[in-house]
Amino acid sequence: MGLTEVIKEDVKFSDKLLARIAELKSHFPEGKHKSALITVLHEAQDEHDNWLSVPVMDKVAELLNILPIEVYEVVSFYTMYNQKPVGKYSFEFCRTSCCCLRGAEDLIEYTCKKLGVEEGQVTPDGLFSVKTTECLGACGYAPMLQLGDYYHEFLTPEKMDKLIDDCKAGKVEFYSKG
Ligand code: FES
């Protein structure tokens, strides 16, 4: 499929999401709706399996009356936005200095090996993926990862084993929104 075809692909935003975007836009004057972009992208990502495809980003640009490139540059800058599909449980490991000093790199390697994926890949059952991020502001609890809306801290291989098992058993709360 060519890029043009991808861009032309239609995407569905729910009435709830469209209403939320309209409400977010209302907080800013006409011509300044780009100010709502960060929040709108979070909402759009939440509704589209936790990642932002080109058609979804283009729809956001259309709704905010800005250029698609203005959306792409924000999405590609912040690691909280996913530019390709992720697993239901997306382990986002901090890879910055404090976490690295406390074994993050070994832990990432351990987790990837256990799941049989490389960083950025999704397990065949769609359950897990691994990505790395810059500092998540929990340096005192290193090494740590973010899973959905929650942090998991002072991680060890044993804790990763338990976290993975608990995810498989559906026992891990990872998303606080209804
Ligand atoms: S260095 Fe990992 S949370 Fe700050």
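The values are calculated or read from the model by the stated rules, or taken from the named source; none is laboratory data. This one's a predicted model, so the numbers in the text were calculated from it and none came from an experiment. Note that each Cβ is placed from the backbone with ideal geometry, even for glycine, and that neighbours are counted across all protein chains shown. The accessibility values were calculated without ligands, DNA or RNA, using every heavy atom of the protein model including side chains. Shrake-Rupley method; radii C 1.70, N 1.55, O 1.52, S 1.80 Å.
So here's what we get for this one:
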| quantity | calculated |
| --- | --- |
| Given (1) surrounded by fewer than 13 Cβ atoms within 10 Å (Cβ to Cβ); (2) within 20 Å of the chain's Cα centre (by Cα), number of the condition residue 158 does not satisfy | (2) |
| Among (1) outside any loop (DSSP other than H, G, I, E, B); (2) in contact with a Leu (Cβ under 9 Å, 6 or more places away or on another chain); (3) more than 26 Å from residue 132 (Cα to Cα) - the single one residue 13 does not satisfy | (1) |
| Counted residues, the range 100-111 - those being open to solvent by less than 90 Å² (accessible area, probe 1.4 Å) and not in a loop (DSSP other than H, G, I, E, B) | 6 |
| Residue list for the range 115-162, filter: in contact (Cβ under 8 Å) with a residue 12 or more places away in the chain, within 15 Å of residue 100 (Cα to Cα) and assigned to a loop (DSSP other than H, G, I, E, B) | 134, 135, 136, 138, 142, 143, 144, 153, 154, 155, 156 |
| Failed condition for residue 166, given (1) in a helix (DSSP H, G or I); (2) among the charged types (D, E, K, R); (3) open to solvent by 40 Å² or more (accessible area, probe 1.4 Å) | (3) |
| Selection within the range 37-81 - of a type in the set (Asp, Glu), assigned to a helix (DSSP H, G or I) and out of contact with any Leu (no Cβ under 9 Å at 6 or more places or on another chain) | 58, 62, 73 |
| Scan of the range 129-178 for residues that are among the polar types (S, T, N, Q) and closer than 14 Å to residue 90 by Cβ, ordered by number | 129, 132, 133, 146 |
| Residue identified as of a type outside the set (Asp, Glu), in contact with a strand residue (DSSP E or B) (Cβ under 6 Å, 6 or more places away or on another chain) and open to solvent by 10 Å² or more (accessible area, probe 1.4 Å) among 39, 79 | 79 |
| Only listed residue being out of contact with any His (no Cβ under 6 Å at 6 or more places or on another chain) and under 27 Å from residue 174 (Cα atoms), chosen from 73, 47 | 47 |
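Residue by residue, here is whether (1) at pLDDT 95 or above; (2) away from the ligand (no atom under 16 Å from the Cβ); (3) surrounded by fewer than 15 Cβ atoms within 10 Å (Cβ to Cβ) holds:
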position: 64; (1), (2), (3): yes, yes, no
position: 94; (1), (2), (3): yes, no, no
position: 98; (1), (2), (3): yes, no, no
position: 113; (1), (2), (3): yes, yes, yes
position: 116; (1), (2), (3): yes, yes, yes
position: 131; (1), (2), (3): yes, no, no
position: 146; (1), (2), (3): yes, no, no
